[in-house]
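Colleague: Structure incoming, see below.
The numbers here are math on the coordinates, done by the rules we state, and not lab data. For clarity, every value in this text was computed on a predicted model and none was experimentally measured. Note that each Cβ is placed from the backbone with ideal geometry, even for glycine, and that neighbours are counted across all protein chains shown.
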Amino acid sequence: MDAIELQVLAGALRAACEEMGAVLIRSAHSSNIKERRDASTALFDARGEMVMQAEHIPVHLGAMPTAVAAVLDEDHRPGVSWILNDPYRGGTHLPDITVITPVFAEGNELLGFAASRAHHADVGGRIPGSMPADSRTLDEEGVVIAPRVLDEAAIDELTARMRQPAERRADLRAQLAANRVGALRMRRLAQRVGLDGLRAGFAEVLDYAERRTRACLAALPDGTRTATDVLEAPDGDLELRVAATVDGDELVLDFAGSAAQHDGNLNCPLSVTVSACVFAVRVLTDPDIPSSAGAHRPVRVLAPEGSLLNARPPAAVVGGNVETSSRVADLVLRAFGRACGQGTMNNLTLGNERFTYYETLGGGQGACPDADGPSAVHVAMSNTLNTPVEALERTFPLRVTRYALRRGSGGAGAFRGGDGVVREVEALEDVTYSLITERRRHAPPGAAGGADGARGRNLVAGEPVGPKATGVLRAGQRLTIETPGGGGHGAAGSPPGSAA
């Protein structure tokens, strides 16, 4: 395949994944998907290798190959899709439900798979929104779905165990619709270039992504770089370590020495740790490289089994997917001399038996060696939008009383870190709240002499609460989140470019 043919095919695959995402977002019922766009899509070959993904949610996409691997050896038939969310069998955390649809050519020959993953606003469990700040076992966090066939009976059975079942059914059907579009586009590609041509094209795209990633890694100086950081568990800090070794055109990320899994919910299945590493490597190399499994081949991730970053079931994981993944990305980027962004998704869940609302909030990005960090953006493993105030107030018994930049929260330096935001919400009826946040005790670090970003802060009815908190917000009370700023890069007053 010549260079032009390769780029045309890669573009067609990328467009198909983006179209899948558009169908999912436009078909979904929940604000979490249709407004915040907390969903991702990808296409896989018949061997289960991810050929292309849309530029959606990093923590979804790096882990989605594990989900396809979980159903790869099943008896696949045309029109039969699969569903799962078990973090220890292909999932990330329970609200992220994956739907996988096999794609067949004429003659029932398997071409590959179309997959979509979406964060559902509720999947059952102890509290509305299925994001408890204090969970200790997986069952507390919601319905655990081992890989199974997704048909109408399964949809009815599963959603009956979740809050707002009609909304859950609508969102699952939106995922099925997205997968059908992906399957249609893959079949049309096969008709255009032939079955053998498509298979060869898949292999070419994977190899091309691998070559470009290896070239970027080879440009980095060989050697081992280390970094340490902490997670803010309710009962104290948990230390994480990484040793990043560049050897020619390969990279090994070894997390030996990191904290053991604990009895809270900051644990990660290995797939989430790998996902965060893949994101960080993409930042360090070239974001224009086709986003496929080929780009992952030169990277090896090592995390001791039974550690916080490779937990064993039935450990709770709801915070690990959103917060620990952010810290893993920070660790890798910090090892390579980058200033850290806010390092948290600032997870907020509000709800009762009538509704559930889930939000992740933007903050400050770390400064680059040659540019200030952007303000009020979703950083690292989150790539969602916010829920627009108009949509939030129209849909939920909530009022947004303040939404503003947290000016001056970015770290000073030759290049400043981005500023965080302030989001204040008033409850119009009694609701349960859950906060899973980070960087409340430890500031996002700067680099090369740059100052740290400001720590975040959570307040309920004007009183500070910890980084992990749950309780009841009474009608008329307000919950305020001040998100962290990003770290600065280079000493303040140094000439531009000298910090690099």
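Colleague: Being part of a loop (DSSP other than H, G, I, E, B) and buried (at least 24 other Cβ atoms within 10 Å of the Cβ) is the filter here, so list the residues in the stretch 104-123 that pass it. Working first, answer last.
Modeller: If we filter the stretch 104-123 for residues that are part of a loop (DSSP other than H, G, I, E, B), which is where we start, we get 106-108, 120-123.
Scanning the stretch 104-123 gives His120, Ala121, Asp122, Val123.
Colleague: Next question, about the same structure. Within the stretch 22-64, work out how many residues are surrounded by fewer than 24 Cβ atoms within 10 Å (Cβ to Cβ) and in a helix (DSSP H, G or I).
Modeller: Within the stretch 22-64, residues that are surrounded by fewer than 24 Cβ atoms within 10 Å (Cβ to Cβ) and in a helix (DSSP H, G or I) number 7.
Colleague: Right, next: Kindly establish whether Glu141 is surrounded by fewer than 19 Cβ atoms within 10 Å (Cβ to Cβ) and either in contact (Cβ under 8 Å) with a residue 12 or more places away in the chain or among the small types (Gly, Ala, Ser) (or both). I'd like the intermediate steps shown before the answer.
Modeller: Details: surrounded by fewer than 19 Cβ atoms within 10 Å (Cβ to Cβ): no; either in contact (Cβ under 8 Å) with a residue 12 or more places away in the chain or among the small types (Gly, Ala, Ser) (or both): yes.
Criteria not met by Glu141.
Colleague: Another one. Here is a check on your reading of the model: is Ala412 under 30 Å from Ile127 (Cα atoms), assigned to a loop (DSSP other than H, G, I, E, B) and of a type in the set (A, V, I, L, M, F, W, C)? Show your work before the answer.
Modeller: Numbers: under 30 Å from Ile127 (Cα atoms): no; assigned to a loop (DSSP other than H, G, I, E, B): yes; of a type in the set (A, V, I, L, M, F, W, C): yes.
Against the criterion (under 30 Å from Ile127 (Cα atoms), assigned to a loop (DSSP other than H, G, I, E, B) and of a type in the set (A, V, I, L, M, F, W, C)), Ala412 does not qualify.
Colleague: Being among the polar types (S, T, N, Q), part of a helix (DSSP H, G or I) and touching a strand residue (DSSP E or B) at 6+ places or on another chain (Cβ under 9 Å) is the filter here, so list the residues in the stretch 139-191 that pass it. Write out each step before concluding.
Modeller: Of the stretch 139-191, the ones among the polar types (S, T, N, Q) are 159, 164, 175, 179, 191.
In the following step, the residues that additionally are part of a helix (DSSP H, G or I) were identified as 159, 175, 179, 191.
Listed by number, the residues that qualify are Gln175, Asn179, Gln191.
Colleague: Further question: So the check is Cβ under 7 Å with 6+ separation or different chains; which pairs have a first residue in the stretch 388-408 that's within 20 Å of Thr360 (Cβ to Cβ) and a second one that's among the basic types (Lys, Arg) and surrounded by 14 or more Cβ atoms within 10 Å (Cβ to Cβ)?
Modeller: Matching pairs, first to second residue: Glu393/Arg399; Thr401/Arg478; Tyr403/Arg423.
Colleague: When the residues of the stretch 279-321 are filtered to those that are part of a strand (DSSP E or B) and small (Gly, Ala, Ser), which remaining residue is surrounded by the most Cβ atoms within 10 Å (Cβ to Cβ)? Reasoning before the result, please.
Modeller: Initially, the stretch 279-321 is screened for residues part of a strand (DSSP E or B), giving 299-302, 307, 315.
Those left that are additionally small (Gly, Ala, Ser): 307, 315.
Numbers: Ser307: 21, Ala315: 24.
Taking the candidates together, the pick is Ala315.
Colleague: Can you list residue pairs whose Cβ atoms sit under 8 Å apart, with the first residue in the stretch 196-207 being acidic (Asp, Glu) and the second being buried (at least 16 other Cβ atoms within 10 Å of the Cβ) and not in a helix (DSSP H, G or I)? Count only pairs 6 or more apart in sequence or on different chains.
Modeller: Matching pairs, first to second residue: Glu204/Met1.
Colleague: Are any residues in the stretch 415-444 assigned to a loop (DSSP other than H, G, I, E, B) and either crowded, with 24+ Cβ neighbours inside 10 Å or among the small types (Gly, Ala, Ser) (or both), and if so, which ones?
Modeller: First, the residues of the stretch 415-444 that are assigned to a loop (DSSP other than H, G, I, E, B): 416-419, 428-430, 437-444.
Passing the criteria: Arg416, Gly417, Gly418, Asp419, Thr437, Glu438, Arg439, Ala443, Pro444.
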